[in-house]
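The values are calculated or read from the model by the stated rules, or taken from the named source; none is laboratory data. These figures come from a predicted structure and were not determined experimentally. Every residue, glycine as well, gets a Cβ built from its backbone with ideal geometry; the counts of neighbours run over all protein chains shown. To get the accessible areas, we keep the full protein, side chains included, count just its heavy atoms, and leave off ligands, DNA and RNA. Shrake-Rupley method; radii C 1.70, N 1.55, O 1.52, S 1.80 Å.
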Amino acid sequence: MKKNIPFIAIEGRSSGYYSLLALLGAFILASLGAFYYMEHHGHYVTGMDNQIVWGMPHVFAVFLIVAASGALNVASISSAFNKKAYKPLARLSGLLALALLAGGLMILVLDLGRPERLVIAMTYYNLKSIFAWNMLLYNGFFAIVIVYIWTMMQRNLGQYTRAAGIAAFIWRLALTTGTGSIFGFLVARQGYDAAIMAPMFILMSFSFGLAVFLLVLMASYSWTERPIGDAIFNRLKNLLGIFVASVLFIVAIYHLTNLYEAQHQGFEAFILLNGGIYTQMFWIGQVMIGGIIPLIIFYTPSLAKSRGLVGLGALLVIIGGLAQVYGIIIGGQAYPMTLFPGKEVIETTFADGAIASYTPTLAETLLGLGGVAVALFLVAFCVKIMNFLPASLADKDVDPHYKAS
Amino acid sequence: MLSHKTIISTLLSILLFLPVFAQADNLMPTVPKAKAKANPETLCVRDVKVMRTNHMEFLMHQRDETMRKGIRTKKDSLAECITCHVSKDDEGKFASYGDDEHFCSSCHNYAAVKIDCFDCHNDKPTAASKTGSTVK
Amino acid sequence: MTQPVNTNETKTDLYRRQFLGKTAAAAGFALAPGMLLTEIAHAKPADEAVSTKNRWGLLINTNKCASGCTACVTACQVENGWGEINKSEELSRASQKAVWIRKVKLKDKQTGHVQSLPLLCQHCEKPPCVDVCPTGASFKREDGIVLVDKHICIGCRYCMMACPYKARSFIHETIKNQKVHAPRGKGTVESCTMCAHRVDNDGIPACVEACNAEGHQAMYFGDLKDSNSVISKELAKNGGQQLRADLDLNTGVRYQGIK
Ligand code: SF4
Ligand code: SF4
């Protein structure tokens with residue numbers, strides 16, 4: 001029988017640790033500054049306008065929220081599906097999910113035109129609005145995952161871990177469906193009115209969340225000089241590979257079905273062929289960087305041997321993911337809505353029928369990066385004050401029967 | 001015998017509070033006078049005391065009635081308050097919300113009450129819209 | 001392409017019907033056109049709430065709408081204090097400035113036929129903007145006019161994402177010198193109000209007034225539920241098409257002559 005691996009908080013006294021906190025803190029401060037600047041002057045200081053109403057902040061926010069539910073995956077596999085090997089990672093998985101969600105929500109709130117009225121949004125729910133539903137889902141997610149982590153940390157609550165884990169798993173599926181539906185409900189926009197949007201977001205969450213998880217795990221273990229054995233590492237890597245491939249697959253289905261429907265062909269041509277930056281984002285960002293290159297790394301034995309390369313692969317998945325969300329959010333708005341089928345708009349004062357352009361400013365980009373920094377800061381801080389990380393993930397501790405292949 | 005300490009602290013206190021005594025007259029806000037008395041008995045649309053303590057509730061109620069139901073009675077209309085209460089200065093200019101001379105902020109500044117009415121509403125009297133002819 | 005104006009199925013109606021049972025529906029049916037007419041011939045008293053007895057609408061005849069004429073746009077700006085009229089919206093880029101109503105010129109891809117028309121909030125009966133708004137700031141009055149309650153709008157812009165007509169604008173900077181009846185402010189969303197302040201005083205929207213004054217008479221304003229109103233008669237006679245009729249929003253603004 002293998003013994004239980006102890007969870008030990010990291011020491012967190014090295015200068016490296018403090019530099020990390022300082023760096024993240026600097027990003028957080030910069031984003032708060034950006035927030036103040038945007039709120040004080042109004043959104044005219046941003047690249048957003050009445051054509052592109054959701055911009056860079058929403059790209060980061062949606063990415064983080066989607067990744068949050070995916071980050072919980074590892075925990076779900078261990079508790080809900082009873083896979084022992086993932087058990088040591090469950091706590092970190094829960095923590096990362098909370099942190100990413102907090103970062104994403106912070107961005108959304110700080111980008112509001114009237115953030116001081118958030119209380120209204122928190123106390124009044126228009127139950128027809130999927131947005132309002134999402135706020136309920138987010139709050140519930142926090143509550144459930146906190147309880148879940150608690151049952152894992154408290155020795156005598158261990159028997160409830162499974163139930164809490166299953167609840168968290170179901171809730172997170174609902175949450176991602178909800179996030180996807182934010183776009184799915186925008187029927188007037190050609191890029192969004194596809195039923196496949198929700199399952200696509202779920203797969204995206206698996207992939208982005210695990211990529212972030214893997215990177216955070218690698219960083220925290222190498223900086224604290226704790227070992228990660230091949231048993232766990234290769235499992236995670238292979239799992240990420242499967243997720244990345246399935247995202248590519250569902251994206252292909254999404255575009256193929258769109259191509260099949262006449263009224264979507266214009267939008268498809270825009271994304272796939274002649275949309276300039278959005279076409280590049282799709283082929284270079286999403287498909288190459290976020291899909292094919294990582295897959296090559298993960299599945300070429302000689303490349304996959306290098307932890308550094310696999311880490312790079314995970315980073316590429318994240319970059320590709322951001323490009324994908326950018327394409328969905330910004331590209332979906334930039335493509336004009338058809339109001340007059342068979343007509344060409346030859347004069348307008350409001351860019352009807354024209355492709356909108358968007359150039360994000362530093363402020364809104366800093367706000368988005370601030371959300372990422374908040375998430376990472378929370379993780380770095382919590383693993384110091386509480387026992388989130390197993391002391392060792394070496395093969396002999398995790399799975400004594402594992403044989404290097 | 002008075003100790004040194006007592007003397008010094010008394011002196012210090014007097015020094016500290018001197019500016020306050022000197023300004024005693026200004027402690028209450030100066031609220032500009034209304035242009036007219038809406039009602040000769042109550043002086044405003046309701047008893048002045050009631051208005052002072054409860055105007056926000058009347059305004060809030062009216063706000064929803066007008067916004068949601070199209071009820072455009074004048075009694076509790078913010079625009080009517082502004083028309084009657086915000087007056088021109090010697091140079092013939094209206095004060096802006098935030099100035100001590102503006103009816104609303106004369107008191108809100110004093111009481112440190114933050115409102116966002118004038119983020120959207122005009123804080124000065126303006127000519128009302130002429131309503132179009134009735135064509136049905 | 002003509003859709004009958006469906007005036008019976010407002011959500012409030014539905015709600016009321018559920019609430020009151022069949023009687024309400026029956027009563028609505030029993031109202032003779034003559035009765036309705038006398039009821040709205042009087043101005044609505046200031047203290048009376050708007051009701052589902054009316055549904056205000058616009059009918060735009062694109063054949064009469066003159067190319068190059070922007071009288072309706074200017075009138076709206078003057079009435080509601082936006083655009084050129086309001087000098088305080090100066091820092092925003094052109095694409096960030098508010099647009100409540102705009103003129104578009106269309107050319108048919110096949111016939112080359114050119115026409116122009118004003119585009120504004122369509123005052124949908126089933127407004128997507130209202131459905132998505134998390135705070136309830138976007139709402140539809142009983143009489144069908146769709147508005148933004150800027151007191152509770154948090155500026156999330158979800159309604160702008162949802163509106164099929166790009167009818168809404170977000171305010172990107174501090175606004176001053178608003179018109180009394182058209183409050184506008186930074187961080188909130190706004191759109192055409194169908195001049196609710198005029199309609200409540202038994203008036204007609206400024207754009208319609210201006211179009212008439214120009215002698216074009218391309219716009220009718222009136223009560224879609226009153227079969228004797230000019231707009232209803234015109235609709236009954238010559239029909240009126242919805243923009244994006246496929247979305248099934250039963251818009252309160254209809255167009256004639258888009259061909
Ligand atoms: S046109 Fe747009 S803003 Fe107007 S009611 Fe319809 S969805 Fe709402
Ligand atoms: S911007 Fe305002 S009106 Fe529009 S959805 Fe958000 S809260 Fe509602």
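Here is the size of the protein assembly as shown from its Cα atoms: Rg then Dmax, 31.0, 110 Å.
For the stretch C:31-256, the residue among C:Ala71, C:Gly239, C:Val114 whose Cα projects farthest onto the positive side of the dipole built from Cβ charges is C:Val114. To the nearest 10 Å², what's B:Val45's accessible area with a 1.4 Å probe? Per-residue accessible area (B:Val45): approximately 50 Å².
Taking +1 at the Cβ of each Lys and Arg and -1 at the Cβ of each Asp and Glu, which of A:Thr361, A:Ile182, A:Gly313 sits farthest along the dipole of the protein assembly as shown towards its positive end, judged by Cα position relative to the Cα centre? Toward the positive end, the furthest listed residue is A:Gly313.
Of all aspartates and glutamates in the structure, those lying under 19 Å Cα to Cα from B:Lys74, and not within fewer than 8 positions of it along the same chain, are B:Glu41, B:Asp47, B:Glu57, B:Asp64, B:Glu65, B:Asp123, C:Asp47, C:Glu48, C:Asp200, C:Asp202. Separation of the alpha carbons by more than 25 angstrom is noted, of C:Lys97/C:Lys176; C:Lys53/C:Lys140; B:Lys37/C:Lys87; C:Lys105/C:Lys179; B:Lys33/B:Lys114; A:Lys83/A:Lys396, for B:Lys37/C:Lys87; C:Lys105/C:Lys179.
Positive contributions from Lys and Arg (+1) and negative ones from Asp and Glu (-1), summed over other residues with Cβ under 13 Å from the Cβ of B:Val31, come out at -1. When only the Cβ of Lys, Arg, Asp and Glu is charged (+1, +1, -1, -1), the dipole of the stretch B:34-131 relative to its Cα centre reaches about 500 debye. With a 10 Å cut-off around each Cβ of C:200-210, the average count of Cβ atoms from other chains is 4.
Using the Kirkwood radius built from alpha carbon pairs, what does the Stokes-Einstein equation give as D for the stretch B:34-131 at 20 °C and 1.002 mPa s, in µm² per second? Answer, rounded: 149 µm²/s. So between A:Leu157 and A:Glu344, what do we pick up on full extension, going 0.36 nm a residue minus the alpha carbon distance? 60.8 nm is the gain from fully extending A:Leu157 to A:Glu344. For a straight C-alpha distance cut-off of 16 angstrom, the aspartates and glutamates reachable from C:Lys233 (same-chain residues fewer than eight places away being disregarded) are C:Asp223.
Taking all Cα pairs closer than 8 Å and separated by 6 or more residues, the relative contact order of the stretch C:31-256 comes to 31 percent. Label zone (B:Lys74, point 7 Å along Cα-to-C-beta; backbone nitrogen cut-off 15 Å) within the stretch B:87-130: B:126-130. Summed over both chains, the contact between B and C buries some 2800 Å² of accessible surface at a probe radius of 1.4 Å. Normalised per residue, the accessible area of the protein assembly as shown is 45 Å², obtained with a 1.4 Å probe and no contribution from ligands, DNA or RNA.
Radius of gyration over Kirkwood radius for the stretch A:1-118, both on Cα atoms: the Rg/Rh ratio is 1.11.
Rounded to the nearest 0.05, the FRET efficiency derived from the C-beta distance between A:Lys84 and A:Thr300 at R0 = 22 Å is 0.15.
For chain A, the spread of Cα positions along the three principal axes, ordered from largest to smallest, is 75, 46, 40 Å.
Our summary gives chain A a relative contact order of 33 percent, counting only alpha carbon pairs under 8 angstrom and 6 or more residues apart. Rounded to the nearest percent, how much of the accessible area of the protein assembly as shown (1.4 Å probe, protein heavy atoms only) is carbon and sulfur? Roughly 64 percent of what the probe reaches on the protein assembly as shown is carbon or sulfur.
Between helix A:15-41 and chain A there is an angle of about 20 degrees, using the helix long axis and the longest principal axis of the Cα atoms.
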